[in-house]
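First comes the structure, then the notes that go with it.
The values are calculated or read from the model by the stated rules, or taken from the named source; none is laboratory data. Predicted model only: the values in this text are computed from it and were never measured. Quick reminder, even Gly has a Cβ in these numbers, built from the backbone with ideal geometry, and neighbours come from all protein chains shown.
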Amino acid sequence: MTPRLVVEGLTKRFGGLVAVRDLGFEIKAGEILGLIGPNGSGKSTAMKLIMGIERPNQGSVRLDGAEMAGLPAHRIARAGVGLVFQHSRPLHRQTILENIKLALLPDSLFRLAADHSATARAREIGARVGLGAVLDRYPQTLPFADLRRLELARAIARDPKLVLVDEPFAGLTPTELADFSALIAGFREEGRAVLLVDHNVKGVAALVDRVVALYLGERIASGTAAEVMRDAKVRAVYLGGSIEAHARESRGTEAAPLLEVEAASVFYGKAQALQEVSLSVRAGEFVSLVGLNGAGKTTLFNAVSGLVPYQGRIVWDGRPLGGMTAAAVARAGIVQCPETRELFGEMSVQENLDLGGQHQPVGETRDRLAGLFDLFPILKERRTQAARTLSGGEQQMLAIARALMMNPRLLILDEPTLGLAPVILEQLSKALERLRETSDITVLLGEQNVTFALSHADRVYVLEHARIIWQGPPSRFAAEAGAGYL
Ligand SMILES: Nc1ncnc2c1ncn2[C@@H]1O[C@H](COP(=O)(O)OP(=O)(O)OP(=O)(O)O)[C@@H](O)[C@H]1O
Ligand SMILES: [Mg+2]
């Protein structure tokens, strides 16, 4: 049987950078190939080249024997390729159903409104990915996982022979991850060829037939998941060791509270996103807020940062923050590294970092920058590149680095591990430990990655459905609060 997809000698340069180099692989119908590799290793670029969103400099992409390389994306889509993007990008003025319809018939926008068969088909696809109950809602009102489902729906709308899935698992809860795995396994049963990229190594290994590992744009290993995960080079450049729980003295137990949240409530319209939440963080403490998507972590952080109005009291270093602008809160030393990153896309990596270091002594800024380049060497290499063109994980690193450039007293990290390769998680973990040892920084960490959250916490709070349901030391978490998280 000829493979459904044959990629040969695929190469893509961005200026002096070779993002994908002489890449080759095959995928048969009814087969899932996993593509893994560190942040910036060229995975998303490879997908864009196959989809025709980027034009390859060299190489061949054959779908059922027909050459696709260099064709525009709409031709490749029509030939039978669908892409699930790394980040959701729905049309916000259209309902979920309309969003799916648009993916169904992108070339005939005008006929669409009247086309009943398209509506029926869109409903069917929506139901297939689990959006049946929310087809008439608008994207803003949906939880994160449903937006990811919408991306899946759009990618399979035109019954593609080949589906490219970029980081479907990032940010999902364990239950959602199981749902998504089943959906993707369903694509295989329908006879589609699937190319799957994700940093959830277990999730990938459980699903794929074979794996190709990339490093610096080149293939460094291939075989079964077990073979590739055992490969010495893959371990060195991608998997790293495991994150250790750091045995240590709890910090800050004697210190006065630096941040006190007292019965804070937040409403979005009628929906209550935060319900009388109280927590405190002492000076020098590392506190983790564990909660699944939609539990209210970001809402709480936004309330602290002065980005959303709230009822109740938030006190910083003895003074109520109520009524202060976000800028004033930041000047007072609270720096939030937001989940959505909020980088300046047109500005370079260096310019984004310089903005973080504004208004600070030049000598200190220089040392801090050197330290951050040490922590994330790829950012140093990408110094002059526009932030918008960075890979997903590189953008996450830049957001964290920029927050640290601001020399915060309280650093709020909202899901910092999202989209990071295991080896980078390990580096970030070490960096946080180094910060604890060498500075008096206080950290509030929001995570659904419990392994990461617990290993960096003096104390843990669990937020569920807008309320704190548990607090205690990390050592008691597994026994008392772990169900559903571990
Ligand atoms: N338009 C562009 N201009 C310059 N460099 C780019 C451009 N697009 C991507 N790159 C670079 O190419 C490299 C590969 O990026 P790509 O997005 O393919 O990585 P990735 O393997 O998907 O990483 P991640 O796991 O972080 O998503 C990155 O270092 C990125 O900065
Ligand atoms: Mg990517």
(request) Please identify the pairs in which a residue from the stretch 398-422 that is more than 19 Å from residue 434 (Cβ to Cβ) and in contact (Cβ under 8 Å) with a residue 60 or more places away in the chain has its Cβ atom under 7 Å from the Cβ atom of a residue that is among the small types (Gly, Ala, Ser) and part of a strand (DSSP E or B), counting only partners at least 6 apart or on another chain. (result) 414/446; 415/446
(request) Could you figure out which of (1) of a type in the set (Gly, Ala, Ser); (2) out of contact with any strand residue (DSSP E or B) (no Cβ under 9 Å at 6 or more places or on another chain); (3) at positive phi isn't true of residue 327? (result) (3)
(message) Being closer than 21 Å to residue 216 by Cα and touching a Lys or Arg at 6+ places or on another chain (Cβ under 8 Å): is that true of residue 14 here?
(response) no
(message) Here are the criteria: (1) under 24 Å from the mean Cα position of the chain (by Cα); (2) surrounded by fewer than 23 Cβ atoms within 10 Å (Cβ to Cβ); (3) touching a residue at least 40 places away in the same chain (Cβ under 8 Å). Tell me which single one residue 189 does not satisfy.
(response) (1)
(message) Out of everything in the stretch 374-409 that is within 16 Å of ligand 2 (Cβ to nearest atom) and among the basic types (Lys, Arg), what residue ends up being nearest to residue 429 (Cα to Cα)?
(response) 382
(request) Report, by residue number, each residue of the stretch 20-50 that is farther than 18 Å from residue 198 by Cα and either of a type in the set (Lys, Arg) or buried (at least 20 other Cβ atoms within 10 Å of the Cβ) (or both). (result) 21, 23, 28
(request) Please state which of the following conditions residue 314 fails to meet, knowing it meets all the rest: (1) free of Cβ contacts under 8 Å to residues at least 12 places away in the same chain; (2) in contact with a strand residue (DSSP E or B) (Cβ under 6 Å, 6 or more places away or on another chain). (result) (1)
(message) List the strands (runs of 3 or more DSSP E) inside the stretch 14-100, counting only whole elements, that have at least 1 residues being more than 10 Å from ligand 1 (Cβ to nearest atom), over 25 Å from the mean Cα position of the chain (by Cα) and not assigned by TED's automatic domain parsing to the domain that holds residue 395.
(response) 17-27, 58-63
(message) Only one of 374, 354 is acidic (Asp, Glu) and surrounded by 14 or more Cβ atoms within 10 Å (Cβ to Cβ). Can you tell me which?
(response) 354
(message) Just to be sure before I move on: is residue 56 within 13 Å of ligand 2 (Cβ to nearest atom) and in contact with a helix residue (DSSP H, G or I) (Cβ under 9 Å, 6 or more places away or on another chain) in the structure I sent?
(response) no
(request) Mind listing just one residue for me: the one in the stretch 222-243 that is touching a residue at least 40 places away in the same chain (Cβ under 8 Å) and aliphatic (A, V, I, L, M) and, of those, farthest from ligand 2 (Cβ to nearest atom)? (result) 243
(request) Give me a count of the residues in the stretch 168-179 that are surrounded by 23 or more Cβ atoms within 10 Å (Cβ to Cβ) and either part of a helix (DSSP H, G or I) or acidic (Asp, Glu) (or both). (result) 0
(message) Anything in the stretch 192-221 that is touching a residue at least 60 places away in the same chain (Cβ under 8 Å), surrounded by fewer than 18 Cβ atoms within 10 Å (Cβ to Cβ) and either more than 14 Å from ligand 1 (Cβ to nearest atom) or basic (Lys, Arg) (or both)? List them, or say none.
(response) 205, 209
